[in-house]
Amino acid sequence: MHQRKIGPYTVSAIGLGCMGMSQSYGEADLAESERTLLGALDAGYTLFDTAALYGFGHNESLIGRVLGSRRREFTLASKCGLFKNDKGERTVDGSPATIRKTCEESLQRLKTDVIDIYYLHRIDRKVPVEDSVGALADLVRAGKIRTIGLCEMSTATLRRAHAVHPITVVQSEYSLWTRKPELKVLPLLRELGIALVPYSPLGRGFLTGGLRDPAQLGEKDLRRTMPRFQGDNFEKNLRMLDGLAAMAEEKGCTMAQLALAWVLAQGDDIVPIPGTKRAKYMLENAAAADMQLVKEDCRRLEDIVNPVSVTGDRYDAKFALTLDSENED
C-alpha cells in the first residue's frame, strides 16, 4: 500500500480502525476479527487504531493476543481519558493519575512495552488540558508512549495542548458527509505540521451504499442514536446514494472506495482509518489507496454530498456535548 507520514512514522495511506470488532456495530465475531487483523498486516496495513474504551478493554486485548508476536510490523495507536469506571459506566477522566493507570493497563492488554501514538480520547472539562497533556508528556519521557495525539479537540484546546508538548496527530470524524474539520481544525493542523487521522471516513457505513434501511441495525447499534440515521433525516440522505453509485460505476470501483479516495485526495497529511471487522471489506478499503481522483472528480462528489445535502446532526445533543470540536463556532 502507498505510504504517508504521521510525525516520525511512515504508515500505510489507510489504517485500520478496530473499534467495531468489539462494540457499537453488532455482535463481535472473534474468528473473523482475527482473520481481518492478520490479513490487514499481510495486505500492507501498518497503522492499527484502538482504545481503552473499545469493548472496555476487549479490543486492546484482541489486538495484543492476535498481533502481539508481530508488533514490530506496525504502528500502534490507542487512547486514554475515556473508559469504564468502577461502576461499569462510560466516563471521561483526564486526570494525570487516571491517565497513568490507564496506560499501564493498556500496555498489559496490548502485550507491548510502548504505544506509538497515544491519544487523549476526549477533553475532561474538570481537568485543564495542560494537566492531561503534561501527564502524557511524562509517559513519553518514561518510554511508555512515543508520541501524543488528541481526539475531537477544538483549535483553542489544540493550541494549549501543543504549547505543553508537541502534538503529532489529531483524530476527528471527517468524510464527504462530515466536513467541519475543514473550517478551522485542518488549517491549524497544517500551520503546526500535525497530521489528521479521520475516523468514520465512510460515514459509519452510509457512504458504502450497503445500508438502505435503518431497521436492519441491531438494537445496540450506535447508529440508532444518531440523527442522520433516523426517520425523515435518513430518507432524505438516501437521495445522495444514487449519485454516488452512478459515479462509482463510472469509475469501476465501489462506493466505499470512491468515498475513501476522496478523503485521501484532501492532502498527503491525512490518513483515514475506516473500521471493519470483515476481511473482505478490509481488502476492499485497501484498494482505494491506489485510486487517483482529479479535482473535477472531487468537485462532482462534493456536489452530491455536502453540508447542505446532508440532513441531521452527526450526534444527538447529549453526546455532542462531550466533543470539544463540536462546540467550536
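Of the strands (runs of 3 or more DSSP E) that lie entirely inside segment 1-119, those containing 2 or more residues that are within 18 Å of residue 145 (Cα to Cα) and of a type outside the set (A, V, I, L, M) span 9-12, 47-49, 75-80. Filtered by the rule that a residue be buried (at least 22 other Cβ atoms within 10 Å of the Cβ) and either out of contact with any helix residue (DSSP H, G or I) (no Cβ under 7 Å at 6 or more places or on another chain) or hydroxyl-bearing (Ser, Thr, Tyr) (or both), segment 10-47 gives 11, 12, 15, 17, 20, 22, 33, 36, 45, 47. A single entry from 86, 49 fulfils the requirement of being of a type in the set (Asp, Glu) and closer than 17 Å to residue 21 by Cα: 49. Screening residue 192 with (1) out of contact with any Ser or Thr (no Cβ under 7 Å at 6 or more places or on another chain); (2) buried (at least 20 other Cβ atoms within 10 Å of the Cβ); (3) within 23 Å of residue 13 (Cβ to Cβ); (4) not charged (D, E, K, R) gives one miss only, at (2).
Residues that are crowded, with 21+ Cβ neighbours inside 10 Å and at pLDDT 95 or above within segment 261-277 comprise 261, 262, 263, 264, 270, 271, 272, 273, 274, listed in sequence order.
Taking the residues in segment 215-237 that are out of contact with any helix residue (DSSP H, G or I) (no Cβ under 9 Å at 6 or more places or on another chain) and either basic (Lys, Arg) or in contact (Cβ under 8 Å) with a residue 12 or more places away in the chain (or both) as candidates, determine which candidate is surrounded by the fewest Cβ atoms within 10 Å (Cβ to Cβ). Filtering segment 215-237 for residues that are out of contact with any helix residue (DSSP H, G or I) (no Cβ under 9 Å at 6 or more places or on another chain) and either basic (Lys, Arg) or in contact (Cβ under 8 Å) with a residue 12 or more places away in the chain (or both), the one surrounded by the fewest Cβ atoms within 10 Å (Cβ to Cβ) comes out as 232. Here segment 301-316 is the region considered, the condition is being modelled with pLDDT of 95 or more and loosely packed, with under 15 Cβ neighbours inside 10 Å, and the residue that is farthest from the chain's Cα centre (by Cα) is 303. Within segment 130-156, the set of residues being over 28 Å from residue 72 (Cα atoms) and surrounded by fewer than 22 Cβ atoms within 10 Å (Cβ to Cβ) comprises 130, 131, 154, 155, 156.
For segment 220-242, the count of residues that are over 21 Å from the mean Cα position of the chain (by Cα), assigned to a helix (DSSP H, G or I), on the phi > 0 side of the Ramachandran plot and at pLDDT 90 or above is at least one. Residues in segment 147-187 that are in contact with an Asp or Glu (Cβ under 7 Å, 6 or more places away or on another chain) and hydroxyl-bearing (Ser, Thr, Tyr) were compared, and the one that is farthest from residue 269 (Cα to Cα) is 157.
What strands (runs of 3 or more DSSP E) lie completely within segment 133-214 and have 2 or more residues being of a type in the set (Val, Ile, Thr), in contact (Cβ under 8 Å) with a residue 24 or more places away in the chain and farther than 21 Å from residue 320 by Cα?
It comes to 145-151.
Scan segment 59-70 for residues that are surrounded by 16 or more Cβ atoms within 10 Å (Cβ to Cβ) and either of a type in the set (D, E, K, R) or more than 19 Å from residue 9 (Cβ to Cβ) (or both) and the total you get is 6.
Contact annotation: residue pairs with Cβ atoms under 7 Å, 6 or more positions apart or on different chains, pairing a residue in segment 50-64 that is closer than 15 Å to residue 122 by Cβ with a partner that is buried (at least 24 other Cβ atoms within 10 Å of the Cβ) and of a type in the set (Gly, Ala, Ser), are 51/78; 52/78; 52/106; 54/22. Condition first: crowded, with 18+ Cβ neighbours inside 10 Å, in contact (Cβ under 8 Å) with a residue 24 or more places away in the chain and not in a helix (DSSP H, G or I). Can you find one or more residues in segment 279-291 that meet it? No, segment 279-291 has no match at all. Kindly indicate whether residue 124 is in a loop (DSSP other than H, G, I, E, B), over 16 Å from the mean Cα position of the chain (by Cα) and not hydrophobic (A, V, I, L, M, F, W, C). Against the criterion (in a loop (DSSP other than H, G, I, E, B), over 16 Å from the mean Cα position of the chain (by Cα) and not hydrophobic (A, V, I, L, M, F, W, C)), residue 124 qualifies.
The values are calculated or read from the model by the stated rules, or taken from the named source; none is laboratory data. Everything quoted here is computed from the prediction, not taken from an experiment. We place every Cβ from the backbone using ideal geometry, glycine too, and count neighbours over all the protein chains shown.
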